[in-house]
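Below: one structure, written as structure tokens.
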Amino acid sequence: MASYLQIPDDEKGYELDVFCVPKHYEEDLDRVIIPHGLIMDRTERLARDIVRDMGTHHIVALCVLKGGYKFFADLLDYIKALNQNSDKSVPLTVDFIRLKSYCNDQSTNSVKVIGGDELSTLTGKNVLIVEDIVETGKTMETLLSLLSEYKPKMVKVVSLLVKRTPRSSGYRPDYIGFEVPDSFLVGYALDYNEYFRDLSHICILTEGAKEKYKV
């Protein structure tokens, strides 16, 4: 079972005015639930765990866009630092895929894969899928099923967040940053209709903001 930091359902979080939050979002956010510094510390530990477990393999790090791009970049920076400063290092190449399964704050129950034609390059490779958040698990299960058709040598999944939700299929990634309550979270590249990716902290979205930025 992957270790993780659990954010409880009754977590009060932090008031917005004790952190640097873009002024244009101040009325849209309920509170900060995971500060940027805590994200970075946890990401550094995940990098260490991944290098420990996969350090003898050449890894293709597969970033799930768009929400995973910040976590992906920071995770790879920490892996790169470990490569430079330890006896054990990981040869690393990168690739990208885009998945779309949300409209507003609701899952569409269908997963659109953009870039899937290029997955043939992963045949026989050790793949580390880097995801921002696992909610129901259906999106990741769809991607893993698709990947299996190309016969990679090994596939591991790291997700910054896993949401506790009754809608979960039961799927759990190999590496988890935080287990979080069943709230709609934005920031650190997690979006709501493309907004809030430019927010450093992970925050809970207000109900008013859901209506304000609805498409």
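The values are calculated or read from the model by the stated rules, or taken from the named source; none is laboratory data. Keep in mind it's a predicted model, so treat the numbers as computed, not measured. A quick note on method: Cβ atoms are made from the backbone with ideal geometry, for glycine too, and the neighbour counts reach across all protein chains shown. Each accessible area value is taken on the protein alone, full model and side chains, heavy atoms only, with ligands, DNA and RNA left out. Shrake-Rupley method; radii C 1.70, N 1.55, O 1.52, S 1.80 Å.
Looking across 37, 68, one residue alone is small (Gly, Ala, Ser), out of contact with any Lys or Arg (no Cβ under 8 Å at 6 or more places or on another chain), modelled with pLDDT under 95 and open to solvent by less than 50 Å² (accessible area, probe 1.4 Å). It is 68. Among the residues making up the range 135-151, those that are within 25 Å of residue 121 (Cα to Cα) and crowded, with 18+ Cβ neighbours inside 10 Å are 137, 138, 139, 140, 143, 147. Looking for something in contact with a strand residue (DSSP E or B) (Cβ under 6 Å, 6 or more places away or on another chain), farther than 23 Å from residue 53 by Cβ, of a type outside the set (Val, Ile, Thr) and not in a loop (DSSP other than H, G, I, E, B) - is there at least one such residue anywhere in the range 124-140? Within the range 124-140 (the criterion being in contact with a strand residue (DSSP E or B) (Cβ under 6 Å, 6 or more places away or on another chain), farther than 23 Å from residue 53 by Cβ, of a type outside the set (Val, Ile, Thr) and not in a loop (DSSP other than H, G, I, E, B)), the answer is no, since none of the residues qualifies. Scanning the range 45-77 for residues that are more than 14 Å from the chain's Cα centre (by Cα) and within 24 Å of residue 191 (Cα to Cα) gives a single hit, 77.
The set of residues in the range 1-18 being surrounded by fewer than 17 Cβ atoms within 10 Å (Cβ to Cβ) and within 23 Å of residue 75 (Cα to Cα) consists of 1, 2, 3, 5, 6. Could you please let me know if residue 89 is surrounded by 14 or more Cβ atoms within 10 Å (Cβ to Cβ), modelled with pLDDT under 90 and more than 29 Å from residue 207 (Cα to Cα)? Yes, satisfied. Residue by residue through the range 191-203, note down the ones that are modelled with pLDDT under 95, of a type outside the set (D, E, K, R) and open to solvent by 10 Å² or more (accessible area, probe 1.4 Å). If the condition is that a residue be modelled with pLDDT under 95, of a type outside the set (D, E, K, R) and open to solvent by 10 Å² or more (accessible area, probe 1.4 Å), then 193, 195 are the ones that fit. Tallying residues that are modelled with pLDDT of 95 or more and either under 15 Å from residue 69 (Cβ atoms) or among the basic types (Lys, Arg) (or both) within the range 152-163 yields 6. Can you tell me which residues in the range 137-151 are at pLDDT below 90 and closer than 17 Å to residue 190 by Cβ? The one that is at pLDDT below 90 and closer than 17 Å to residue 190 by Cβ: 139. Among residues that are assigned to a helix (DSSP H, G or I), basic (Lys, Arg) and open to solvent by less than 70 Å² (accessible area, probe 1.4 Å), residue 48 is not included.
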